[in-house]
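So the structure is just underneath, and the comments pick up after that.
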C-alpha cells in the first residue's frame, strides 16, 4: 500500500491529535445521524398542528433523502478541497435551519423547505462527510479502523436519539423539543474546530477534481464497488422500512418489531467495529463479499425459518452486524484506489448509488406487498442481490491506481 | 472511540517530523470520561426503549408506510 503521510488535514503546526480528530468526527456523525433519524417522530404532531396531509410530511422526508444523496459528492468535494471543518459548519447551519423551519412550519411548502435543509445538513455532517478527514489523518494500515470509529459514532447516535427525543417531545411538547434539537445541532459548530484546516496533498496526489472524476469513471473496480453499495442500500432500507409490517403480518406483537430494530442498532455497533478490524488484517473486498454473502444467508433464514420472537431477534441482530459495516470497507477501498485527496467526494458518489438502491428497496417492497400480499418475493430478490453483491466484490483490484504507484517526486 | 489507535509512524507534513505517541493516543482521563458518558447514554436509551418501545414504534410506523427511512 502506498504511503500518504504527506497529506494531512490542517495547517502544519496547528494539527489536532489523531484521537481528537476521530472523536470530533464521530461525535459530529452521532449528532447528525441521530437528528435525521428522529424527524419521523414529528409527522403526527406537525401534520395535525398545521392541518396538512401526512403525505406532505412523507414527501419532505423523501426530499431530504434525495438532497442528501445528490449533494453528498458536492459536500465531499468541498470538504476535500477546503477542509472538513467548513463543511461541518455548513452542515450544522443547514440542520439548525431545517429544524427551525419545521418548528415554524405553516404549510406544505415549509415542510418541503425543511426537508431540503435537513438533507443538506446530513450531507455536510453525516458519516460520509467525515471519512476524508479521518482517512487522511490515519495511517493507511489503521484507516478502516479509524473510519469504523466514525461509523460507530453515527450508529450510536441513531441508536440513542429516538428514545431520548420521544421522551423530550412528551415532556416539552414537539415545538420546544425541536428547539432543543437545534441547540444540539449547534454543538457541531464547536466540533468543527478540530476538523478545520485545508488538506495538504502529497506531491503525487496533486490532482484536480475533474481529473479525479475522470480517473474514477474509467476504473472498473470503482464501478464494482458502486454496484455492491447499491445492493447495500436496497437491503437496509427494505429491512428497516418493512420489518415492522412484516412482523405484524406474521401475527407477532409490536414489541417484536421494537426488539428487532433495537438489536439491529446494537449489532450495527459491533459489526462496524469488526469491519474496521477486518480492514487492518485482510483484503477489504473479501470483507465486503463476506458481508453481502452473509446477508443472503440471513434473508434465506426469513424465508425458511418459522418467524417467532426468537428468530426475528437473532436475524435482526445478525443483520445489524452486517448493516453499516460496509461503510469503513467501502470508503477504505476508495482511498486504496485513488488516495485520500478526493476521498470524501468519491465516497459521496458511491453513496449516491447506495441511496438509489435504498429508494428502490423501499419502493419495490411496498409495490410487491401490495400486489402479492406477501414479502416472500422481496426476500428472494434480496437473497439474489446479496449473492450478486458478494460476487461483484471478488474481482475488485485492491491496489492504488498507477498515478499513486509511481515513485514520489523528491520532497 | 478507538482506544487501541496508537501509531507511532504518524508523521506531519513532508518534513518527516514524527508526531509523538502521546498525540495519537487518547489520554486515559478522556477515555474514561468518554466511556462513562457513552455507558450512561446507552443505558438510558435502552431503559427508555424498553418502557416506551411500543409507543415509539407506533409513531415511527405511520411514517414507515409512507416513505423510506434508512
Across segment A:257-298, which residue is surrounded by the most Cβ atoms within 10 Å (Cβ to Cβ) among those that are closer than 23 Å to residue A:366 by Cβ and more than 11 Å from chain B (Cβ to nearest Cβ)? A:295
When segment A:195-217 is checked residue by residue, the ones that are exposed (fewer than 12 other Cβ atoms within 10 Å of the Cβ) and either part of a helix (DSSP H, G or I) or modelled with pLDDT of 95 or more (or both) are A:210, A:217
Kindly indicate whether any position in segment A:368-376 is under 25 Å from residue A:325 (Cα atoms) and in a helix (DSSP H, G or I). no
Can you say whether residue A:39 is within 13 Å of chain B (Cβ to nearest Cβ) and either assigned to a helix (DSSP H, G or I) or farther than 19 Å from residue A:178 by Cα (or both), as far as the supplied structure shows? yes
Being modelled with pLDDT under 90, crowded, with 17+ Cβ neighbours inside 10 Å and within 18 Å of residue A:226 (Cβ to Cβ) is true for just one of A:359, A:337. Which residue is that? A:359
Picking from A:157, A:197, A:173, A:153, which residue would you name as being within 12 Å of another protein chain (Cβ to nearest Cβ) and on the phi > 0 side of the Ramachandran plot? A:197
Return a yes/no flag: does segment A:96-118 have any residue that is modelled with pLDDT of 95 or more, within 29 Å of residue A:273 (Cβ to Cβ), part of a helix (DSSP H, G or I) and within 14 Å of another protein chain (Cβ to nearest Cβ). yes
Can you name the number of the only condition in (1) crowded, with 22+ Cβ neighbours inside 10 Å; (2) at pLDDT below 85 that residue A:254 fails? (1)
Here are some conditions: (1) farther than 29 Å from residue A:68 by Cβ; (2) assigned to a helix (DSSP H, G or I); (3) more than 14 Å from every other protein chain (Cβ to nearest Cβ). Residue A:395 meets all but one. Which one does it not meet? (2)
Need the failing condition index for residue A:129 against (1) more than 14 Å from chain B (Cβ to nearest Cβ); (2) more than 13 Å from the chain's Cα centre (by Cα), just the number. (2)
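The values are calculated or read from the model by the stated rules, or taken from the named source; none is laboratory data. As the structure is a computational prediction, the values presented were derived from the model and not from experiment. Reconstructed Cβ throughout: ideal geometry from the backbone, glycine too, with neighbour counts over all protein chains shown.
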